[in-house]
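Everything below concerns the one structure shown next.
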Amino acid sequence: MTVRGIASLLVPAALAMAPVLLIAASPVAAQTIVQSEKIDAISVTLYRDPGRRDGAADGNWPGGYALITETRTIALPAGRSTIRFAGVSEGMMPETAIVTGLPRRVDEKNRDARLLGPATLVDAYLKRRVTIHRTNRATGKTTTGEAVIQSGPGGGVVLTTAEGVEALGCSGLPEGLSYAGVPEDLAAKPTLSIATETTGAATATVQLSYLAQGFDWSAHYIARVADDGDTLDLFAWLTVVNGGSQGFAEANTNAVAGAPNKEENAALPKGLEPALHLQCWPMDITSTHPRWGIAAPPPPPAMMVELGSSAGDVIVTARRRSAMIQNSPVSVTVMQAKQEELGDLKLYRIPEPVTVAAMSRKQVAMIDRKKIRFDRIYTGRFEAFDYDADRDGPESQAATRILRTENLEAKGLGLPLPAGGVAVFEQARGESLLVGESDLADRAIGEEVEFGTGESSDVRYKIVARRPSERRKPYRISVTNARSTPETFELVIPYKLASTSAKMIERKGQKAWRVTVPANGEAALDFTLKLEAGE
């Protein structure tokens, strides 16, 4: 392709004086090269980052992965051929790729990692002739001439021309290079190449399946407490994250909750792309003033640019990658994912095809439950400490307020809840206001579910240590409730108890004190810890 305007896709507007990269028409590819660009159908199944328990996915390079299955129609020539699957994910793990539907088996497969860009194109033409286009300072006309690229891209682009040795882009006027063609080992999109052989020309419908890194998904819950204060509505978004520069249009998208067994795979290194450095002498060429020598000033910050998934995409790498994905718009699709069983895992299937765009986040409705019954609990924390006269009157502590329910159909739930963040809203004078945020771990059917809403200034507790004996450590805990309604307070005591002044309950294998504190009232518990020998 001969397109002077390609520079506008590769270089930001602020760098308009940087050299224009021109690419001349590529020679006709050999008949044994079969280029596959069009994807007939695609499926993307996402798996969460196994190292991320809760919270949102990493916005720089997500630590999860995806199983991608593509269906393509390919016209195969007779004999041995190389099929190039363009547009695969840049995080592809090539050792996982499986191709089915070919007349004969796959003999070889390669992940072509070198993407077409300013730096890789210059690097491919080192010590080779190119055409340089420049503007004559006196007449303003564009002139052309031959040049040989002597160095670049990392050390700066240096050319040998009829006038001498020059650094590219130093005249202060528009100039650029054009090339005889695009080298075969450069691809505008991430590409997988396979070698196969057929006895005769044929049209085949093939499936390409592979695992790719740089994906993740998470759940984001919104809990809205009803006016009655006893029930809440729970809504969840399924957030899909694609950290790569390759998008997938109209994909059948699924998300898997749980932790499938997956060994470490050899992954495509995720390092910095080659950088194109432009180093200049002061508005001149070295042959004019040979005594200056070849010493150049320190290089400017690296300009790192690569082609995106379409002609309108500009993907800037390295430092700006994280900021771009964090600040990119979130695409929201209002359709509810359907939950299915997948062995001991849970599969959430989005009922309609969606576009998993490059370097983007997409949200799809996942869970919607109304009138879930819950209990409001205020909790405290206890850790044993020794008697100290100075600590006999400590400050009271704010209790933590949680909304607790069970994942049962009788409570209004009864479905697997994948891990994610939870935002809790309550009504105040007709307004829905945020009262707290917390993380929710994976919760199976039948398990207890808690939503944290932060600390309470109305319900407070104080723990006082009394003088111990040789075998006993006595404590007293008092709770005050400044609210106009009775509230439930709960404190787990993870130690062996010798005695208590009130009945205890069993909570997750440990003793706990649960009491209803009257409105504008207080409650107290005296208890003694049993000391083991040597304590």
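Just a few scattered comments:
- FRET efficiency, residue 522 to residue 499 (Cβ-Cβ, R0 25 Å, nearest 0.05): 0.70
- Stretch gain in nm, segment residue 138-residue 396, where the contour uses 0.36 nm per residue and the Cα spacing is subtracted: 84.6 nm
- Each Lys or Arg adds one and each Asp or Glu takes one away; over the other residues whose Cβ falls under 14 Å from the Cβ of residue 152, this sums to 0.
- Solvent-accessible surface of segment 81-144, averaged per residue with a 1.4 angstrom probe and all protein chains in place: 49 square angstrom.
- For the pair residue 41 and residue 370, a Förster radius of 45 Å applied to the C-beta separation gives a FRET efficiency near 0.80, rounded to the nearest 0.05.
- Taking amide H as placed 1.01 Å from N in the peptide plane, the amide H of residue 90 sits under 5 Å from that of 245, 246, each at least 5 places away or on another chain.
- Spin-label model distance (nm) - residue 60 vs residue 195, 7 Å beyond Cα toward Cβ: 3.9 nm
- Under a model in which nothing but the beta-carbon of Lys, Arg (+1) and Asp, Glu (-1) is charged, segment 134-210 shows a dipole of about 320 debye around its Cα centre.
- Here's the list of lysines a cross-link from residue 362 could span, going by alpha-carbon distance under 19 Å and ignoring same-chain residues fewer than 8 apart: 338.
- For the pair residue 445 and residue 228, label points projected 7 Å from Cα toward Cβ lie 2.5 nm apart.
- Surface per residue (accessible, 1.4 Å probe) for segment 410-535, Å²: 54 Å²
- When the listed pairs 371/503; 370/462; 473/503; 141/189; 411/508 are checked against a 26 Å cut-off, the alpha-carbon distance exceeds it for 371/503; 370/462; 141/189.
- Packing, as the average of other Cβ atoms within 10 Å across residues, places the peptides 246-252, 86-92 in the order 86-92, 246-252, highest first.
- Computed lengthening from residue 467 to residue 235, 0.36 nm per intervening residue step minus Cα-Cα distance: 78.4 nm
- Radius 13 Å from Cβ of residue 228, net charge of other residues (Lys, Arg +1; Asp, Glu -1): +1
The values are calculated or read from the model by the stated rules, or taken from the named source; none is laboratory data. Computed from a predicted model, the values in this text were never measured in an experiment. We place every Cβ from the backbone using ideal geometry, glycine too, and count neighbours over all the protein chains shown. Each accessible area value is taken on the protein alone, full model and side chains, heavy atoms only, with ligands, DNA and RNA left out. Shrake-Rupley method; radii C 1.70, N 1.55, O 1.52, S 1.80 Å.
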